[in-house]
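Trainee: Supplied in structure tokens, the structure appears directly below.
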Amino acid sequence: MALAASEIPKAAWSRPIGLPLENPGVTKVPGLIDDGYWQGAPVGGMGAGTFSRSYRGDFSRWHIKAGVHKYETVYVNEFAMFQKSEGDSTGTARVLMTDHPRNGELASWTWDYPVGAGEYSALYPKSWYDYKWDKFPAHVVLEQYSPVLPDNYRESSYPVAVYRWHAENPTDHPVTVSVLLSWANMAGWFRTFTHDFNGTPNQGNYNQFVSEAAGSAGTMKGIVFDRGRDGGALNEWDGQFAIAALESPGVEVTYQTTFLAQGDGKAVWAPFARDGRLANSSTSWVSDSEKLAGAIALRFTLQPGEKKIIPMVISWDLPVVQFGQGRKWNRRYTDFYGATGNNAWKIARDGLLNAAAWSDAIDKWQAPYINDDSKPLWYRGMLFNELYVLADGGTFWGRQVGTDKKLPASFALLECFDYAYYATLDVRFYASLPLLKFWPVIDKQVLREFADTVPREWPEKGLWVWKTQQTGEPVLHKRKKKGAVPHDLGVPEGDPFVAVNQPGWQDTNDWKDLNSKFVLMVYRDYVLTGRKDTAFLRETWPAVKEAIAYLRQFDHGGGVPENSGYPDQTYDSWVVRGVSAYSGGLWLAALRAGEETARTLGDKPTEDTYHQLFHKAQQTYISKLWNGEYFRYDTESENQNAIQADQLAGQWYANMLGLGDLVPHEMQISAAKKIFEVNVMKFAGGRMGAANGMNADGSPIDNVQAKEVWAGTTLGFAALLLSENMKDEAYKSAWGLYHVIYETKGYWFRTPEAWDVTGNFRAGMYMRPAGVWAMEMTQPPPKP
């Protein structure tokens, strides 16, 4: 049965195809990535590499090389459609993109699909193009997705994109429909750290037509894009792409195995525009440097009132990840397909044969959330659309070449591509909640890897950039101290998962939030997976105790570790000195989590120690920071009286994990109301989320990060509000984020870390906005 436009979920975010945006946001930091608002939901499994097609119809964003962002439209990578009603002398053929190349490339093709002739919708991992053009008599909807599925550690890793064409003939004449998919041979293209394809090698590339019986489903036909190899160990750019479709009774698949990607394209367009068929040419040659492409077209005729659903797939098999210092890893999906780099066709076959089942599984997963009418419709859509980063955020999932496949694979997202750190711990405190909710095995493994680092030291020295800027002289710091929880697990241009704690901006060894957040995330993963996995608690317990002990060196007598007069926490450009609301509150929560962990594991002496320390710290925290309305920013800096939106972060986690009141309940409620009144409603009239810091009178603070809205901060605050049944305030706070991202500034599928009152942003494609799931995890789950 074809998918009617009315069947696209109402919670999906929608926009007219190709409609430009007035007054979009731009980056406020020169040099950071800003590709503009031509974006769309990505395809590709977690750790498999991803790419995306924008809502105007071009394939432009490429996250295939692990940890590297590329944005460049490859014009030959396209869908096109031909339609012809019976009795008409000619049909209509059009590339399904509302733009065209500027350099004469593919000049014979008919470009410029009309702007607004249909709608683009997205509810990740699905998105849809609902084509509505009066020159196309049949109604066609393209549904696209990859099988990113909850509690699924197999298909969720697959490098495959499914494109299901839902076609319906509402007329009283038969209509012939043909859909073209053309693709460049991109083998060898993903080998540099640049943001474009300049210098892309093509030598040795070749295309091959393949046809294979697929049982009752029909005959699978398509093209494999490959390149010559030396026969030795694979490089990360070695492998294949494939495009394929199923030929079955009433559905014809034709093909053009090879043509010049940057030529005029007549070999493809002339036959396609004539009757929707290609020439069935199997001609193939090896490139001497020219860019090659191939194409397939699926053609069928719909009788009046008839509906069809027909799948196409794009797959890729690039099994090796090689980071900057040379270590090689195999991607997670190689556990199921092998690591030869010759399996794109096999992956495509699985995509075609499982297309309907995967689509149904995604719908079943999403249904309880998107049909929950007790929550705002915009919020239900945002829940899933902000999950895109779990696959698209430079995601790595794999194990070192040559290691035992029985060992757990490593997994990490980048903080973002501008700040390219893997698994940034202070940020994943917010961002990892959906990973825990839907893929808990992965989240626990990430925390095990952090736990393994805690007792270790990396003695090499690096430049402390912030301090160097303050003093004018080089200031060095040790990479990682024993007992310190690292900021991250490394960077793509280095040796991640081996050489950890990469950042040079600040010396994170003495940050006051990292160790507390680690303790809280360990206990979180135990509680929110049913309080059954005591083995996980026991395994990480030595690291948890060491992390708490390490922070106590900064306790100057009051029981609370004090901030050291530099930005020593996640707000890494905002100086903190003395006892602080944010780091101090996290410490209180960590002590309670440590106490409960000790009780669970039967460690009575440690339980008693943490219990006593908590009560001492609680008294200090209140006496030094409570001013009768809210908790002051800190005790000694120039912003000590500021209202920090994140001051209740520890209590947010405490509420989520059942740890009780860190401070008297009436203080929490008073502070929450003050934050909403000032940081939300007095910042841009409540239309942009919560500003990180404000003066009590609603005036801004003279600090760049205080003046920003951080999506993750607002979402953590909104989750706290929901836990206190302050629903109106919670959704109003979060709606400001939605308003900026999806309605006014064009940040869809590149959600930034931060924006200021102008709406201009810093650090797009950031992981922290996935913290929208915090709002679900502080409420009862929806009924299935």
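The values are calculated or read from the model by the stated rules, or taken from the named source; none is laboratory data. Note that the structure is predicted; figures quoted are calculated from it, not measured. For neighbour counting, all protein chains shown are included, and Cβ atoms are generated from backbone atoms with ideal geometry for every residue, glycine included. These accessible areas exclude ligands, DNA and RNA; they are computed on the full protein's heavy atoms, side chains included. Shrake-Rupley method; radii C 1.70, N 1.55, O 1.52, S 1.80 Å.
Trainee: Using only Cα atoms, what is the ratio of the radius of gyration of segment 181-326 to 2.2 N^0.38 Å?
Mentor: So segment 181-326 has a normalised radius of gyration of 1.17.
Trainee: Could you name the lysines whose alpha carbon sits less than 19 Å from that of Lys674, not counting residues in the same chain fewer than 8 places away?
Mentor: Lys624, Lys682, Lys707, Lys727, Lys732
Trainee: Then there's this: Convert each backbone phi in segment 635-640 into a coupling constant with the Karplus relation 6.51 cos²θ - 1.76 cosθ + 1.60 (shift: θ = phi - 60°), then list the ³J(HN,Hα) values in order as whole Hz, x for Gly and Pro.
Mentor: 9, 9, 7, 5, 9, 4
Trainee: Let me ask another. Amide H neighbours of Phe51 under 5 Å, counting only residues 5+ apart in sequence or on other chains, H built in-plane at 1.01 Å?
Mentor: Distant-sequence amide H within range of Phe51: Val43, His63.
Trainee: Further question on the same structure: Using only Cα positions of segment 8-97, each an equal point scatterer, no hydration layer, compute I(q)/I(0) via Debye at q = 0.10, 0.21, 0.24 Å⁻¹ and quote the log10 values to two decimals.
Mentor: The calculated log intensity ratios at q = 0.10, 0.21, 0.24 Å⁻¹ are -0.39, -1.18, -1.29.
Trainee: Could you report the accessible area of Lys673 in Å², rounded to 10, computed with a 1.4 Å probe on the protein chains as they sit in the structure?
Mentor: 120 Å²
Trainee: How large a share of the accessible area of the chain, in percent, is made up of carbon and sulfur atoms when the probe is 1.4 Å and the other protein chains stay in place?
Mentor: Heavy-atom surface of the chain belonging to carbon and sulfur, 1.4 Å probe: 49 percent.
Trainee: Provide the descending list of Cα extents for segment 516-659 along its principal axes, expressed in whole angstroms.
Mentor: Rounded to whole Å, the extents work out to 46, 28, 28 Å.
Trainee: Under a point-charge model restricted to the Cβ atoms of Lys and Arg (+1) and Asp and Glu (-1), what is the dipole moment magnitude of the chain relative to its Cα centre, in debye to the nearest 20?
Mentor: Dipole magnitude for the chain comes out near 920 debye.
Trainee: For segment 664-742, what is the accessible area per residue in Å² when the probe is 1.4 Å?
Mentor: 32 Å²
Trainee: His173: accessible area at probe 1.4 Å, nearest 10 Å²?
Mentor: 90 Å²
Trainee: Take peptides 473-479, 345-351, 332-338 and line them up by average Cβ neighbours within 10 Å, highest first, as a rough protection proxy.
Mentor: Ranking, from highest mean packing down: 345-351, 332-338, 473-479.
Trainee: Once label points are set 7 Å from the Cα along Cα→Cβ at both Thr340 and Asp608, what is their separation, rounded to one decimal in nm?
Mentor: Those two pseudo-labels are separated by 6.5 nm.
Trainee: Taking each pair of distinct Cα atoms in segment 612-710 once, what is the resulting Kirkwood hydrodynamic radius in Å?
Mentor: In segment 612-710 this quantity evaluates to 14.0 Å.
Trainee: Net charge near Thr73: determine it from the other residues with C-beta under 12 Å of the C-beta of Thr73, scoring Lys and Arg +1 and Asp and Glu -1.
Mentor: -2
Trainee: In nanometres, what is the gap between the two model label sites at Ser284 and Glu457, each 7 Å from Cα along Cα-to-Cβ?
Mentor: 5.8 nm
Trainee: Report the far tail of the P(r) of segment 360-448, meaning the percent of Cα-Cα pairs longer than 17 Å.
Mentor: 58 percent
Trainee: Counting Lys +1, Arg +1, Asp -1, Glu -1, what net charge surrounds Arg191 among other residues with beta carbon under 14 Å of its beta carbon?
Mentor: Overall, the nearby charge balance is +1.
Trainee: From the phi of every residue in segment 748-756, what ³J(HN,Hα) in whole Hz does the Karplus formula 6.51 cos²θ - 1.76 cosθ + 1.60 yield, where θ is phi - 60° and glycine or proline is x?
Mentor: 4, 6, 8, 3, x, 5, 8, 9, 9
Trainee: Any idea what angle helix 534-551 forms with the longest principal axis of the chain, computed on alpha-carbon atoms, 0 to 90 degrees, nearest 10?
Mentor: Taking Cα atoms only, the helix is inclined about 50 degrees.
Trainee: Using only DSSP helix segments of four residues or longer, with each worth -39500 (n - 2.57), what per-residue ellipticity at 222 nm results for the chain after dividing by its residue count and rounding to 500?
Mentor: The per-residue figure over the chain is -8500 deg cm²/dmol.
Trainee: Please report, to two decimal places, log10 I(q)/I(0) for segment 700-784 at q = 0.23 Å⁻¹ as given by the Debye formula with identical point scatterers on the Cα atoms and no solvent.
Mentor: The Cα Debye sum returns log10 ratios of -1.12.
Trainee: Moving on. What are the ³J(HN,Hα) couplings of segment 307-320, residue after residue, when phi is run through the Karplus curve with 6.51, -1.76, 1.60 and θ = phi - 60°? Round to Hz, x for glycine and proline.
Mentor: Once rounded to whole Hz, the list reads 10, 9, 10, 10, x, 10, 9, 10, 10, 8, 9, 10, x, 9.
Trainee: May I have the pair-distance distribution P(r) for the chain, computed from all Cα-Cα distances with 20 Å bins from 0 and rounded to whole percent?
Mentor: Answer for the chain: a P(r) of 17, 48, 28, 7, 0 percent.
Trainee: Now for a separate question. Let me check I've understood the local charge: for Leu625, count other residues with C-beta under 10 angstrom from its C-beta, Lys and Arg +1, Asp and Glu -1. What total comes out?
Mentor: Residues near Leu625 contribute +1 overall.
Trainee: Across segment 292-417, how large is the tail of the calculated P(r) beyond 27 Å, expressed as a percent of all Cα pairs?
Mentor: 44 percent
Trainee: May I ask you to derive the FRET efficiency for Glu638 and Leu260 from their Cβ-Cβ distance with R0 = 51 Å, giving the value to the nearest 0.05?
Mentor: 0.20
Trainee: Report the rotationally averaged projected area of segment 164-262 based on its alpha-carbon convex hull, in square nanometres.
Mentor: The directionally averaged projection comes out at 9.7 nm².
Trainee: Order 221-228, 24-31 from most to least packed using the mean count of other Cβ atoms within 10 Å.
Mentor: By packing density, highest mean first, the sequence is 221-228, 24-31.
Trainee: What nm distance separates the two modelled labels at Val465 and Ser623, each placed 7 Å from Cα along Cα→Cβ?
Mentor: With each label placed 7 Å out from Cα toward Cβ, I get 4.1 nm.
Trainee: Let me ask something additional. Please work out how much length the chain gains when fully extended from Arg531 to Thr194, using 0.36 nm per residue of separation minus the C-alpha to C-alpha distance, in nm with one decimal.
Mentor: Length gained, Arg531 through Thr194: 116.8 nm.
Trainee: Residues of segment 27-77: accessible area per residue at 1.4 Å, in Å²?
Mentor: For segment 27-77, the solvent-accessible area averages 18 Å² per residue.
Trainee: Average the reciprocal distances over every distinct pair of alpha-carbons in segment 626-784, invert the result, and give the Kirkwood radius in Å.
Mentor: About 15.6 Å, per the Kirkwood formula over Cα pairs.
Trainee: Let me ask something else about it. Cα centroids of segment 318-349 and segment 752-784: how far apart, whole angstrom?
Mentor: Computed from Cα coordinates, the inter-centre distance equals 32 Å.
Trainee: Would you kindly state how much longer the chain becomes between Gln400 and Glu493 on full extension, computed as 0.36 nm times their sequence separation minus their alpha carbon distance, in nm to one decimal?
Mentor: This chain segment gains 31.9 nm when fully extended.
Trainee: Would you calculate the convex hull of the Cα atoms in segment 417-505 and tell me its volume per residue in Å³?
Mentor: 108 Å³
Trainee: If you count only protein heavy atoms with a 1.4 Å probe, what accessible area per residue comes out for segment 392-495, rounded to a whole Å²?
Mentor: For segment 392-495, the per-residue accessible area is 36 Å².
Trainee: For segment 233-281 and segment 643-711, compute the distance between their C-alpha centroids and round to whole Å.
Mentor: 55 Å
Trainee: If the chain between Ala356 and Thr219 were fully stretched, how many nm would it gain, using 0.36 nm times the residue separation less the Cα-Cα distance?
Mentor: Result for the pair: 47.6 nm of gain on full extension.
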